[in-house]
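Below you'll find the structure, written out as structure tokens, and then a few comments.
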Amino acid sequence: MNTFLLVTGGVLIFAIGSYFFSPIREKKVLTHIGILFSTLCLGTLLIFSHMIGNRVLANYEFDGKIEKYIAEDFVAEKFGVISLYSWYEFRNLQPAITIKVQENYKKREITVNAFTGKIIKSSLAVLPEEKNITFTAWNKERAQTEKIAEKETTSIVIEQQREEERQPLEFEQIEFEQNQEETKESAEEEEKQKRIADQAEAEALEKIKNMEKKIAADAARKQKKEESEREEKKRLGLLTAENVKNQRIAAREQKKQAEQEAARLAELQAEQEQKRLAQIAADQEKERQKAAEKAAQEQQAKAEAKAKKQAELLAQQKKAQQAAAKRAAQIRSRAS
Amino acid sequence: MSEFLSTYLVNPIVNGRIPHLPLIKQILIFLSIIPMAGIFIFPESFRSLGEISWQILLFILFIRPLSEIFTDLKIFRGLMPLRKELGILCGSFAVAHSIGYFLNGNITLPSGFLDSEIWNISDYYFWGMIGFIIALILTLTSNIFSIKILKRYWKKLHRLTYIFFFVIIIHIVLIRAFNEGTFMAFEVWNSVLPALALIVLWGVSFAKIKIPILTLFINKKP
């Protein structure tokens with residue numbers, strides 16, 4: 001931000017200076033550019049000074065302290081039924097969330113400090129119970145309820161799995177017992193066996209019935225609990241807020257999943273790209289080595305050929321010397 | 001010093017010679033770019049843009065009756081040539097205000113026009129939409145090309161400014177009433193007091209009443 005301000009200030013000084021105090025004034029195009037720059041910079045700073053200040057504060061002071069959707073959930077749950085529109089801003093250095101809600105067919109606009117839950121502005125009269133709302137308490141409660149809900153769902157899932165596993169086992173056991181009894185007892189004890197089988201069957205049926213009853217009772221209890229909760233929420237006027245919250249949570253999860261998928265794909269792509277690049281580099285290295293080897297071989301062959309030539313030359317010179325020496329000796333002998 | 005005072009104070013007020021008039025015109029035109037571009041970066045600022053637009057509109061509409069009433073204060077006559085540029089600036093702020101409202105409420109333009117709840121005459125949104133349409137028409141036709149095409153109809157079309165003015169008054173009153181919860185609060189009506197003053201000035205101007213303010217108060221003709 002400081003650099004941004006420095007650059008803007010520099011441009012402004014240049015633009016204004018170029019217009020008023022230098023011979024550039026004569027050149028029309030530069031003058032126009034100067035006026036345009038200075039007007040745009042100064043005008044933006046003047047018109048949006050409050051918003052720029054907010055953004056700076058959001059980046060440097062309050063970043064990461066509270067997310068917009070949590071603040072929205074909080075305000076929607078505590079104050080409103082249907083949020084027609086909402087926005088997040090800083091009012092007098094307070095992170096404020098403003099929503100428009102409908103209560104008893106009357107529209108209402110409330111601006112609340114997102115940290116404390118204190119009402120900054122309200123189009124209708126503020127109720128006494130609304131004055132004591134605090135964000136921290138709500139946030140704690142929310143975290144706790146979320147944890148409990150998570151635990152409950154996991155325990156329900158585990159229980160269901162267990163029941164599913166248990167039921168076929170019980171049937172198998174009964175069958176196995178029946179078979180055993182049949183093999184053990186003789187034909188004379190058929191009646192007894194039948195009685196035992198009947199008894200076992202009845203017991204099994206009773207067990208199943210008991211289980212069914214238990215499941216039904218559990219379901220009824222759960223439904224009743226949910227209904228009572230829903231009624232309670234309806235009474236408090238929070239049902240739609242809850243729906244909105246659930247929708248938001250679902251949307252957030254979907255977004256998260258999509259982001260994860262995108263990240264995974266990007267990682268895969270990067271990995272493939274890296275592999276490809278490594279392969280290309282390896283190929284290039286191989287080719288380079290081959291070329292170097294070829295060059296070395298060629299050089300060696302050349303050196304060998306040269307050495308051979310030199311040896312031949314030396315041999316020829318030696319031969320010539322020997323022939324000359326011979327001739328000299330012949331001449332000398334003839335002279336003597 | 002005396003030269004500076006005469007150039008920048010006495011001459012503009014008494015003789016209506018506004019210094020650097022072409023430069024001011026140019027700056028006003030350049031300024032109208034800012035809200036249109038800035039609203040996409042700061043959509044939450046739509047309220048302040050609306051307020052600025054309203055103040056510029058008041059300024060434009062005040063110039064003519066004041067120049068007709070205070071005849072010896074030539075500054076108002078001197079400001080008359082700036083009305084075109086000020087009009088463009090006002091329109092740009094008004095359009096940016098509407099766009100900001102749409103962006104803030106995640107409303108698309110077609111849904112904004114087609115929602116039956118929105119076309120409720122007692123809702124401030126309805127009057128805002130009417131104002132938005134008028135502002136758009138006036139801003140788009142505030143150029144020499146449109147004057148050449150529309151000829152004598154251009155002036156008639158730009159009389160829509162007065163309708164725009166009344167539409168905006170209703171828009172502001174409804175917003176204030178909505179915020180206060182009643183029409184009876186002073187806060188609802190204090191924002192339109194300048195508008196009432198303007199209506200009075202129009203009346204005075206229509207009656208051709210002239211107030212030579214310099215002669216009356218300084219007892220000296222310029």
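Considering the range B:164-222 alone, what residues qualify as being open to solvent by 60 Å² or more (accessible area, probe 1.4 Å), within 14 Å of chain A (Cβ to nearest Cβ) and not basic (Lys, Arg)?
B:Glu180, B:Phe183, B:Glu187
Residues that are touching a residue at least 24 places away in the same chain (Cβ under 8 Å): which helices (runs of 4 or more DSSP H) entirely in the range B:113-222 hold 1 or more of them?
B:124-140, B:160-180, B:193-206, B:213-217
From the list B:Asp115, B:Asp123, pick out the single residue that is more than 22 Å from B:Ile199 (Cβ to Cβ), of a type in the set (Asp, Glu) and open to solvent by 40 Å² or more (accessible area, probe 1.4 Å).
After ruling out the rest, the residue left standing is B:Asp115.
Residues in the range B:6-53 that are within 20 Å of B:Gly105 (Cβ to Cβ) and either more than 12 Å from chain A (Cβ to nearest Cβ) or in a helix (DSSP H, G or I) (or both): how many?
Qualifying residue count, the range B:6-53: 16.
Give me a count of the residues in the range B:131-163 that are closer than 30 Å to A:Lys107 by Cα and crowded, with 18+ Cβ neighbours inside 10 Å.
Adding up the residues that qualify gives 4.
Go through (1) at pLDDT 90 or above; (2) within 14 Å of another protein chain (Cβ to nearest Cβ) for B:Ile63 and report which single condition fails.
(2)
Enumerate the pairs (first residue in the range A:220-231 and more than 14 Å from A:Ala149 (Cα to Cα); second residue anywhere and at pLDDT below 80 and not aromatic (Phe, Trp, Tyr)) with beta-carbon separation below 9 Å, excluding pairs fewer than 6 apart on the same chain, so at least 6 apart or on different chains.
From residues that are more than 14 Å from A:Ala149 (Cα to Cα), the pairs are A:Arg230/A:Leu239; A:Arg230/A:Glu242.
May I ask you to list the residues in the range A:132-158 that are open to solvent by 100 Å² or more (accessible area, probe 1.4 Å) and modelled with pLDDT of 75 or more?
Across the range A:132-158, the qualifying residues are A:Lys140, A:Glu141, A:Gln144, A:Lys147, A:Glu150, A:Lys151.
Hey, which of the helices (runs of 4 or more DSSP H) in the range A:1-119, taking only ones fully inside, have at least 1 residues that are open to solvent by less than 50 Å² (accessible area, probe 1.4 Å) and either within 20 Å of A:Thr134 (Cβ to Cβ) or at pLDDT below 75 (or both)?
Counting at least 1 such residues, we get A:2-20, A:49-60, A:68-79.
The values are calculated or read from the model by the stated rules, or taken from the named source; none is laboratory data. For clarity, every value in this text was computed on a predicted model and none was experimentally measured. Reconstructed Cβ throughout: ideal geometry from the backbone, glycine too, with neighbour counts over all protein chains shown. Side chains included, ligands, DNA and RNA excluded: accessible areas come from the protein's heavy atoms. Shrake-Rupley method; radii C 1.70, N 1.55, O 1.52, S 1.80 Å.
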